[in-house]
Amino acid sequence: MKAAVVTDFGKPLEIQDLPVPEPGPGQVLVKMEASGLCHTDIHAAHGDWPVKPRPPFVPGHEGIGPVTAVGAGVPADLVGKRVAVPWLGSSCGTCRYCVSGWETLCESQVNSGYSVDGCYAEYAVADASGIVRVPDGVSSFDAAPLTCAGVTTYKAIKVARVVPAERVAVFGIGGLGHLALQYARLVGGLVTAVDLEPDKLGLAHRLGADEIVNARTHDPVEEIRKAGGADVAVVLAAAPTAFEQAFRSLNRGGRLVMVALPADDAAIKVPIFETVLGGISVIGSIVGTRQDLAEVFALHAAGRTQVIAETRRLDQVNDSFDEVLGGRAEARLVFEF
Ligand SMILES: [Zn+2]
Ligand SMILES: [Zn+2]
């Protein structure tokens, strides 16, 4: 099978011909129909984060396709069913996080395309306990971005507890942001989209953002405060400045939700006085659970969300990385097989 392989950090990925993997006990084999490109894959390939994957490896955690074989202990009727292979490949199932619906915090989790080979390949093995069924009303092409970008931003809006008529600022439109703003609107939020690129702000406008702010030409803090401030600010842009601007745009009682992961071990200064007097919350939010992803698919099948993505071939992987890094991709890129 064809696979895009990271042979060393920072090197271009190599398209290699690898044997189709065999599903072990508790695993399934998935034939990829669509596989999304998440910024995390680029960080993985560059070894950007403190916890690093070990080359050679196959990145990718937005993989969609039918199950074609099952390992020991997995029901055979899964064969033929279309599934999603998400970032959270598997978790221990028994720790305090796993048993309370927070498997995303499990300390023994396995991550697709990071600690095990992922979905930039014609086939991928996945743990049967980690996959999520894709309903008929959701195409594989749309399901791919929903599997990470969708569930991640859906969860961010959930943990922020947005209620109708609250003002939600989304910093960073693109693969994640274009979905974040739709989820914020779904729960009744009034959305301000912040980005540096006019094209992405145009996309936000098309998708129903109430206000748009170009952070290259205007101070987003000033603009957001002028319009009533933000009750929730979700940061999807990987620049520490965006986190600081988001914090400073909050109203009293506001919630800052951190989602993006800057390349270095970045930090922001949180002023204690304003945080205490303003009753401000700072929340970290990492992907979403299998249940969250099932909800994301259900909303999409019901026509409540729109996925903006473009198709690429797997052998265009290095150019596709450049497109994302250069901010040229409008939203998500999806490899189709
Ligand atoms: Zn991702
Ligand atoms: Zn666990």
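Odds and ends about this structure:
- Average projection area in nm² (convex hull over Cα atoms of the chain, one quarter of hull surface): 16.2 nm²
- Near F57, the amide H atoms lying under 5 Å from its own belong to V6; only residues 5 or more places off or on other chains count, and H is placed 1.01 Å from N.
- Diffusion constant of region 211-337 at 4 °C, which comes from Stokes-Einstein with the Kirkwood Cα-pair radius and 1.567 mPa s, µm²/s: 75 µm²/s
- Taking the square roots of 5 times each eigenvalue of the Cα gyration tensor of region 141-221, largest first, gives ellipsoid semi-axes of 19, 16, 10 Å.
- Projecting the Cα atoms of V132, A165, G202 onto the dipole axis of region 121-228, where Lys and Arg carry +1 and Asp and Glu carry -1 at the beta carbon, places A165 farthest toward the positive end.
- Packing rank of 21-29, 96-104, where each peptide gets the mean count of other beta carbons within 10 Å, highest leading: 21-29, 96-104
- Within a Gaussian network of the chain (alpha carbon springs, distance under 10 Å), most fluctuating of A204, A69, A124: A69
- Percent RCO, i.e. relative contact order, over the chain, from Cα pairs under 8 Å lying at least 6 residues apart: 19 percent
- Note on the chain: with a GNM built from Cα contacts shorter than 10 Å, the maximum mean-square fluctuation among G188, G279, G65 falls on G279.
- GNM top mover of A126, A169, A263 - the chain, alpha-carbon springs below 10 Å: A263
- Taking 0.36 nm per residue of sequence separation and removing the Cα-Cα distance, the V276/R161 pair yields an extension gain of 39.5 nm.
- Modelled label positions at T7 and W102, each set 7 Å beyond Cα in the direction of Cβ, lie 4.3 nm from each other.
- Derived scalar couplings ³J(HN,Hα) [region 109-115; Karplus, 6.51 cos²θ - 1.76 cosθ + 1.60; whole Hz; x for Gly, Pro]: 6, 10, 10, 4, x, 9, 8
None of the figures in this text is laboratory data; all of them are computed from the coordinates on show. The structure presented is a predicted model; accordingly, all values stated were derived computationally and were not measured. Because the Cβ atoms are built from the backbone with ideal geometry, glycine has one as well, and the counts that use them run over all protein chains shown.
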